[in-house]
Every structure is written in structure tokens, then in C-alpha cells.
Amino acid sequence: MKKIVPYGSWESPITAQLVAAATPALDQPVLDGNDVYWLENRPEEGGRSVIVRLDEHGKRCDILPASFSARSRVHEYGGACYIVTEGMLYFVAQHNQRIYQLDTRAQNPVPQALTPDGQGYRFADFCIDPGRDRLLCVAEQHFDTDLLPDKPPTNFIAAVSLAAHANGQAHAVEVVVSGADFYAYPRLSPDHTQLCWLNWHHPSMPWYGSELWQANLDESGQVSRSQKIAGGPEEAVFQPQWSTAGELFFVSDRSQWWNLYRYNPASGVVPVSPLDAEFATPLWTLGMSTYAFCTENRIICCYTQNGSWQLARIDCAAALDSPGSSSGTRSGTDADAAGLTIIDSPYTQISAVTARGHYGWFIGAATDTGNQLVRVDIDSGQCHTVYQFPPPPVDPATFSQPQAVSYETTNGDRSHGFYYPPANPHYQAPSGELPPLIVICHGGPSGATSVALNLKIQFWTSRGFAIFDINYRGSTGYGRRYRERLDSNWGVSDVEDVVMGVRHLIQQGLADPEKLAIRGSSAGGYTVLAALTFHNLFKAGASYYGIGDLETLARDTHKFESRYLDRLIGPYPENAQRYRDRSPIHHIKQLSCPVIFFQGQDDCVVPPSQAEAMVAALRERGTTVTYVPFAGEGHGFRNADNIAQALAMELQFYCDVFSSSPADRT
């Protein structure tokens with residue numbers, strides 16, 4: 001018999017501590033012979049990122065000494081922080097951003113620094129140049145703010161020699177390609193004679209406009225005869241990659257969808273299996289991968305449609321021989337895409353695709369399982385879990401299943417999201433009662449929500465809260481035009497979608513109109529504060545390192561995002577009034593409901609001053625406000641204790657606002 005208890009008051013087996021402990025992330029699988037490596041982020045070790053190896057005998061072990069954490073801070077968000085070749089590991093150390101070398105075949109190996117200390121270098125996105133005995137990578141150099149307060153970081157493609165130096169002397173960092181504001185994906189052709197890369201310039205972000213370049217390399221590794229292959233201010237290119245035959249492939253949204261293309265000097269740029277789907281995601285972290293070559297003519301890939309990811313393989317010969325490949329004719333459905341075969345799998349979230357021979361590897365997750373490293377046989381389509389964390393000790397019946405929601409919003413557009421009803425096998429609410437609703441606003445704002453198992457969502461639904469996880473206009477996964485709906489309209493269209501979505505759910509009888517809350521992080525935190533300020537709908541809000549003052553953000557944020565708002569709002573300071581009009585800090589009198597702020601004290605993306613200014617202004621007005629700073633945390637919390645504390649305090653906050661009395665508070 002189920003207990004009859006009001007929504008929001010159910011006892012849950014999913015504690016804040018369990019959520020924090022279950023947060024370890026798997027990412028960046030790398031293949032080296034018969035060994036596979038990956039990166040694990042471990043909140044229980046203070047957010048340490050560990051490189052792990054699974055050898056051909058099935059033995060799993062940590063590669064890094066306990067004193068090291070691997071993490072790049074290029075663009076602040078990093079990514080692609082290591083590479084392995086023939087047992088030799090090259091990685092970026094989190095504490096000083098230097099590149100280290102470690103021989104994984106040695107007994108008790110000790111990392112040896114390759115790059116100089118104290119010169120402000122950061123590195124990511126590696127490529128081995130074996131013929132010239134060097135490492136190619138994306139580099140970023142920061143300068144002393146006391147000596148050069150107005151000099152921004154410089155970005156370039158660098159080479160670091162791997163030849164042994166006497167007395168362990170650090171290697172010089174050689175500039176190979178420079179001149180653009182940002183770089184990504186330096187990749188060497190199979191014969192080592194050509195280099196490709198992406199670059200982009202302010203005020204663009206890489207998902208708005210970027211360029212694919214190709215150049216020759218001489219014997220010494222110098223670049224010559226550079227030519228632009230694709231891209232521009234209104235074409236976003238993603239993941240250039242050489243086939244085993246030496247042809248250059250890449251993803252572009254020139255058709256309004258991120259699709260795969262091939263470049264050949266004789267035939268030019270040709271689409272591969274055109275489809276109304278997205279074979280890419282915004283390049284927030286370097287080295288992201290959605291496809292890989294298994295054999296010369298076969299590709300393992302993933303793409304997203306309507307908020308869910310699909311695994312597939314592409315027969316390049318069939319794809320490129322089809323009439324649509326030369327004409328650019330698009331197919332609307334998966335089944336019609338020439339050369340593309342869907343691989344049935346349970347995974348709704350797929351990322352970090354790599355391959356070798358007849359096998360592909362990727363990070364996959366589903367609605368009832370968290371991240372796991374998966375190997376797929378490209379011939380049979382059979383998927384095998386290589387590694388996963390132990391499942392949480394929770395009855396699967398406790399997990400709420402996402403329900404796709406599509407609804408009409410302003411200007412005749414449609415918006416999308418996922419509704420999670422309250423779910424707990426031991427409880428039900430009194431007849432006729434509606435659940436409190438929490439709206440989740442993802443970051444970016446160009447990101448997208450995932451329907452893979454997320455214990456942070458189940459933490460709420462198992463207690464009797466409903467969740468609306470929204471992909472407002474501007475989100476990825478619905479084509480370029482949907483992303484562009486947020487151009488000049490950040491703080492307007494996203495907020496309208498939130499409001500219209502909640503009203504839609506209320507009309508469907510899925511939420512209590514008197515118990516509405518909204519939460520979000522980073523850019524999603526701005527949407528939270530704007531919704532609370534400019535609309536009188538919600539009763540409470542939680543901002544995780546969100547933005548209250550857009551002018552301050554435009555002036556003070558880091559280089560990578562310093563011109564992001566040009567597109568989202570308008571160039572600054574020409575549009576200063578628009579920035580003020582959309583900044584909650586300038587309309588504080590309109591924000592009257594309780595708000596809780598969570599903020600990392602070391603955040604360089606959205607500095608603590610943003611939250612502190614909002615908190616001070618709300619306190620001056622007498623509005624109920626709580627401020628929770630975390631020392632040692634940056635943009636996103638990595639420490640398990642901090643993750644658990646934030647969740648527990650947020651639950652207490654909602655219970656106080658909604659006057660509910662849950663059986664457990666953590």
C-alpha cells in the first residue's frame with residue numbers, strides 16, 4: 001500500500017550525498033593499441049580528474065599519481081587534456097597547466113614536465129606529429145595583469161618538441177599557426193604532410209561562425225599554402241578529421257543543420273548522408289567528437305533529433321554515390337539518408353565517439369542508466385558496456401521518465417522541453433492535489449538538456465516535485481534557425497518560453513500554479529533571475545553562479561565569452577541601454593519572491609561580484625534572500641561535499657517557501 005502524503009513531502013532514497021557521490025563523469029576515451037583510457041572526474045576526491053586505463057586483460061587502474069589532476073583551462077572550459085601513444089601519456093596538470101609526460105609502461109612512473117613554468121601557458125586538444133617528434137596542440141598564453149593589465153590572452157596552435165632535453169630542461173613552445181582569436185582541432189593527415197584546424201574571430205562564438213583551414217607542412221614542420229576549406233561568419237564548422245585515405249571530413253551547418261561533409265581537391269565540398277538532424281554540439285570544450293572512422297569507408301557517428309541522440313554508421317561509398325550527395329538534396333528522415341544505417345541502442349545521450357578497426361567507443365547514457373563507456377561492433381551493431389560506475393542503490397521504479405513537451409510560444413514559434421512527473425513507488429499524493437513544479441534552465445544558453453538519467457532531477461521527482469527541463473529557443477538540437485531565435489533576444493525569448501511552457505503545463509493539470517519554482521546555472525541562472533524579475537509567475541528561484549548585471553558581464557568576463565553578448569543582446573557599449581533594460585540588478589524592485597544564490601568564489605566566468613550585488617540589493621529591499629558561497633569552487637561545483645550541501649539547502653529553501661514538511665531533508 002502506498003502512503004498518502006502531500007507532494008513535496010515524500011521520503012526519498014536519493015539523498016543529496018548519493019547525488020554527489022554518483023556525479024563522477026566519464027569523458028575523453030582514448031585508444032592506444034589494445035588499451036583504452038578515459039577521464040574520470042571524482043567529486044569525492046575534491047573534483048580531481050583522473051586518467052584511467054583498462055588494458056587488454058581487463059585490468060583497470062589509475063594512471064596519474066594521487067597528487068595530480070588532469071584538466072585544461074584553455075577558454076576556461078578546457079577539454080581534450082591528454083593523449084596517449086605507445087604507452088606514453090601527455091597530459092595537462094590542473095594545478096599549473098603545464099604539459100607533463102608519463103611513461104605508463106614504467107614501474108612507479110613519475111610525471112616529467114615538458115613545458116616551461118611561470119609563463120602563463122595553457123594547453124589542450126593534442127595531436128602527435130611522430131615524424132617530427134613533437135606534440136601539436138591548442139595553446140593559450142596569459143599575461144601578468146599587474147604588468148600588462150590590458151593585454152588579453154593570445155591563442156595559437158603550438159608545437160612542443162618531444163626530444164629528450166639534458167637536465168630535464170623544459171621545452172620551448174613554438175608557434176605554428178597564429179593570427180586568429182581562437183583555435184581548435186589541429187589534426188595531422190595520415191602521411192603527416194598536411195595540417196588542418198579550425199579558427200574563429202571575435203565577436204563570433206564557434207557555433208555561430210568558424211573557419212576550416214588546411215595547409216601543407218614541410219619537413220621541419222613549417223606551415224605553407226594555407227587555404228580556407230569551409231566556414232565563415234554565418235557557417236559553423238565542427239570536428240575536422242582525416243580519413244585513413246587522407247580525405248578531409250568535417251561537420252558544417254551550412255544547410256541549417258549540422259551535417260557531415262567531405263572535402264576533396266578535385267570535387268570540392270560534398271555532403272555525406274544529408275539529414276535534418278544535428279551531428280554536432282556547441283564547442284564549449286575542446287576535442288568534442290561525434291564521429292570517427294572505423295575503416296577507410298565506414299564511419300561510426302551520433303546525431304540528435306528532438307532532444308534525443310541516435311547511434312548510426314555511415315557507408316561512405318553509398319553516401320557519396322547517391323544523387324543527393326552532389327546536389328545537396330536533403331532527406332527529412334533517418335531511413336532516407338543515403339548510406340546511413342541506424343544502430344539500435346538504449347542510449348539517449350551519446351558523446352566522445354572514437355574508433356579503431358571494426359569497433360567504435362563512446363560515452364553513452366539512457367533514461368535509466370548513467371554515463372558508461374561503451375564499445376560497439378560496427379558490423380553487428382552490438383553494444384557492450386566496457387565500464388560503468390556501480391548503479392545507485394535505488395529501485396528503478398523510483399525513476400521518473402521524461403515526457404516530451406512541445407508547445408506554442410510567442411511570435412508563432414514552438415518551444416520544447418521534457419516534463420518529469422513525481423515518481424516514488426511508496427507514495428502517492430492526496431486525491432486532487434497538484435504537484436509543485438521546478439523549472440530547470442540549462443546553461444549556454446546554446447546548450448541543451450539531456451533525457452539521460454540525472455539523479456539531480458530524480459532527487460526532486462522522488463520527493464514529489466514535478467520537473468520541467470526546457471530547451472528554450474536558442475538551444476541546440478533543433479537546427480540553426482532555432483538557435484538563432486535567441487539572437488538579440490536573450491532575456492526575452494528564453495524567458496517567454498519558460499513562462500509559456502509553465503502555463504501550458506498548468507493548463508494540462510500537471511502543476512500547482514501556487515507552487516512554482518525555477519532553477520538554473522550560469523546562463524540558465526540569468527534566465528532564472530530575468531524570469532523572477534520581469535514576470536510575476538514564480539514563487540521562488542535558485543541561481544547557481546547566474547548573471548544579474550549584463551553590463552558587468554560584458555566588461556569583466558574572460559576572453560572566450562567576452563563578445564558573446566554581441567550576438568545575444570547587441571554590441572556593447574552601443575546598446576548599453578538594452579543591457580540595462582534586461583539586467584535584473586536594475587529592476588530589483590520587481591523581484592519580490594525569495595531567491596537563493598550559490599556561487600563559487602574562484603569563478604572566472606561569472607565572478608562572485610554578480611551574485612553579491614544581487615544579494616545586497618535584495619537585502620536592502622527586505623526580500624528574502626540566501627547567499628551560499630563556496631571557497632575553492634569555480635564555474636561549476638566539483639567537490640562532493642559542496643554539491644551535496646547545495647542540494648540540501650535548496651530543498652530546505654523550497655520546503656520553507658511552500659510550507660511543506662518532508663519526511664527527510666537530505
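The values are calculated or read from the model by the stated rules, or taken from the named source; none is laboratory data. The shown structure was predicted, so the numbers you read here are calculated from the model rather than taken from an experiment. Cβ: placed from backbone, ideal geometry, glycine included. Neighbour counts: every protein chain shown. Heavy atoms of the whole protein, side chains included, go into the accessibility calculation; ligands, DNA and RNA do not. Shrake-Rupley method; radii C 1.70, N 1.55, O 1.52, S 1.80 Å.
Worth a mention:
- The single residue among 178, 161, 189 that is among the small types (Gly, Ala, Ser) and under 21 Å from residue 251 (Cα atoms) turns out to be 189.
- Qualifying residue in segment 206-224 (condition: over 19 Å from residue 287 (Cβ atoms), among the aromatic types (Phe, Trp, Tyr), modelled with pLDDT of 95 or more and crowded, with 22+ Cβ neighbours inside 10 Å): yes
- Count of segment 386-418 residues which are closer than 25 Å to residue 12 by Cβ, in a loop (DSSP other than H, G, I, E, B) and out of contact with any helix residue (DSSP H, G or I) (no Cβ under 7 Å at 6 or more places or on another chain): 8
- Residue within segment 567-588 that is β-branched (Val, Ile, Thr), open to solvent by 20 Å² or more (accessible area, probe 1.4 Å) and either on the phi < 0 side of the Ramachandran plot or over 26 Å from the mean Cα position of the chain (by Cα) (or both) present: yes
- Test for residue 83: is it among the aliphatic types (A, V, I, L, M), open to solvent by less than 60 Å² (accessible area, probe 1.4 Å), more than 24 Å from residue 391 (Cβ to Cβ) and touching a residue at least 60 places away in the same chain (Cβ under 8 Å): no
- Matching residues, segment 611-625, being under 18 Å from residue 547 (Cβ atoms) and either of a type in the set (Asp, Glu) or in contact with a helix residue (DSSP H, G or I) (Cβ under 7 Å, 6 or more places away or on another chain) (or both): 612, 613, 614, 617, 618, 625
- When segment 244-276 is limited to residues that are more than 26 Å from the chain's Cα centre (by Cα) and outside any strand (DSSP E or B), the one that is surrounded by the most Cβ atoms within 10 Å (Cβ to Cβ) turns out to be 247.
- Note on segment 102-127: residues that are more than 20 Å from residue 52 (Cα to Cα) and open to solvent by 40 Å² or more (accessible area, probe 1.4 Å) amount to 3.
- Restricting attention to segment 197-208, the residues that are assigned to a strand (DSSP E or B) and polar (S, T, N, Q) total 1.
- Against the conditions (1) crowded, with 23+ Cβ neighbours inside 10 Å; (2) in contact with a Lys or Arg (Cβ under 9 Å, 6 or more places away or on another chain), residue 531 satisfies every one except (2).
- Filtered by the rule that a residue be of a type outside the set (D, E, K, R), open to solvent by 10 Å² or more (accessible area, probe 1.4 Å), outside any helix (DSSP H, G or I) and within 22 Å of residue 467 (Cβ to Cβ), segment 477-520 gives 478, 508, 509, 510, 513.
- Residues of segment 346-385 satisfying the condition of being under 26 Å from residue 458 (Cβ atoms) and outside any strand (DSSP E or B): 346, 347, 348, 367, 368
- Residue tally, condition part of a strand (DSSP E or B) and aromatic (Phe, Trp, Tyr), over segment 1-43: 2
- Residue match in segment 181-196 (condition: in contact with a Leu (Cβ under 6 Å, 6 or more places away or on another chain), touching a residue at least 24 places away in the same chain (Cβ under 8 Å), surrounded by 21 or more Cβ atoms within 10 Å (Cβ to Cβ) and assigned to a loop (DSSP other than H, G, I, E, B)): no
Conditions (1) crowded, with 18+ Cβ neighbours inside 10 Å; (2) more than 24 Å from residue 217 (Cβ to Cβ); (3) under 32 Å from the mean Cα position of the chain (by Cα), marked per residue:
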position	(1), (2), (3)
136	yes, no, yes
140	yes, no, yes
143	no, yes, yes
155	yes, no, yes
163	no, no, no
173	yes, no, yes
178	no, no, yes
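- Looking only at segment 436-476, residues that are more than 15 Å from residue 418 (Cα to Cα) and open to solvent by 10 Å² or more (accessible area, probe 1.4 Å) come to 3 in all.
- Taking segment 589-609 as the range and being in contact with a helix residue (DSSP H, G or I) (Cβ under 6 Å, 6 or more places away or on another chain) and either open to solvent by 60 Å² or more (accessible area, probe 1.4 Å) or free of Cβ contacts under 8 Å to residues at least 40 places away in the same chain (or both) as the test, the residues that pass are 590, 601.
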